[in-house]
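This report concerns only the one structure given below.
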């Protein structure tokens, strides 16, 4: 099969596109003929991370979509021909989604509802499962106010839609008018430019009783703002760690009785992942989940696709699989 891969970690120039052996499905696994792969920050971070390789050759990519074309022992043969979206394809596994084929446990190949494009399906995994876990690990959202930082990013965009479906009042922060339009179209009731003066006052005005849950993409930058608007007993959930670690104001957190939750999708318990998949499937079928704008790359340009995500291109990066 044609695949992108690397045999040593480093910058995107370690990525090669060439023919490698096509993997076969083992017990409880399916092989998916991929049509589109999505690139997430975790893909370039894993490639660039200074750590020993788990395999001699690693195909990157956690998310993608295509058609099941083979099943291993223990999997219903009737699944052959299903359109599916794939998640966690390269997590502790060799064959990610930047290839013509990937092999994953059958539960990690999720049927795509009718009417959903392969592009939208390919981009579901990391963003929507992360957003679900951040939003619902502390119980229902109906009637609560949720603040989503980075509402035009992949996780933020997903969090807005899932929170809105769950009955929350959603406030989103963005850094530009164009990003504000994306957040508003996703369903945010109020959109605040966090780079403008008066951002705290704008959030307080939108959430007069305070914010119950905060979905945080940059805890170091935003912690003071979060503590200024959070309710007594509120929860701040952070899913990213790009900046330097924050200095925690312990006494202030204590007086707020605030909870700091740290979320990494790879460590979510199976029940939480299953609930997230069920909610995403229901939301897709209901037409409540809409995709981000996309920018496309060919598999031959996988290095440029990784670089685009690393440079925070304001769109979902997709890779077309030949």
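Springs between Cα atoms under 10 Å define the GNM used for the chain, and in it the highest mean-square fluctuation of 59, 17, 170 occurs at 17.
Over all pairs of different C-alpha atoms in region 240-294, the reciprocal of the mean inverse distance, the Kirkwood hydrodynamic radius, equals 15.0 Å.
Using 0.36 nm per residue and subtracting the Cα-Cα separation, the extra length available between residue 91 and residue 17 on full extension is 24.6 nm. Using a Gaussian network model of the chain in which every pair of alpha carbons under 10 angstrom is joined by a spring, one finds that among 239, 87, 128 the greatest mean-square fluctuation is at 239. Each label point was placed 7 Å from the Cα along the Cα-to-Cβ direction; for residue 117 and residue 200 their separation is 4.2 nm. Between 0 and 90 degrees, the angle of helix 177-186 with respect to the longest Cα principal axis of the chain falls at about 80 degrees. Just checking the listed ones, 197, 69, 29: in the Gaussian network model of the chain with Cα springs under 10 Å, the one fluctuating most is 197. Normalised by the number of residues in region 166-230, the mean separation of alpha-carbon contacts (under 8 Å, six or more apart) gives a relative contact order of 26 percent.
Judged by the gyration tensor of its Cα atoms, with axes a ≥ b ≥ c, the chain is prolate; a/c meets the 1.5 cut and a/b is the larger of a/b and b/c.
Taking the number of Cβ atoms within 10 Å of each Cβ as an exposure proxy, the fewest-first ranking of 311, 175 is 311, 175.
Its relative contact order, with pairs defined as Cα atoms under 8 Å and 6+ residues apart, puts region 88-210 at 17 percent. Just so you know, the averaged projected area of the alpha carbon convex hull for region 127-266 sits at 7.6 nm². The separation of region 246-322 from region 111-126, counted between C-alpha centres, amounts to 15 Å.
Short to long, the 5 Å bins of the Cα pair-distance histogram for region 71-166 hold 2, 11, 18, 20, 18, 14, 10, 5, 2, 0 percent of all pairs.
Judged by the mean number of other Cβ atoms found within 10 Å, the most tightly packed of the peptides 33-42, 5-14 leads the ranking 33-42, 5-14. What separates the Cα centres of region 7-33 and region 170-219 is a distance of 40 Å.
Computed from the coordinates by the stated procedures, all read-outs in this text should not be read as laboratory data. Quick caveat, the model's predicted, so the values are computed rather than measured. A quick note on method: Cβ atoms are made from the backbone with ideal geometry, for glycine too, and the neighbour counts reach across all protein chains shown.
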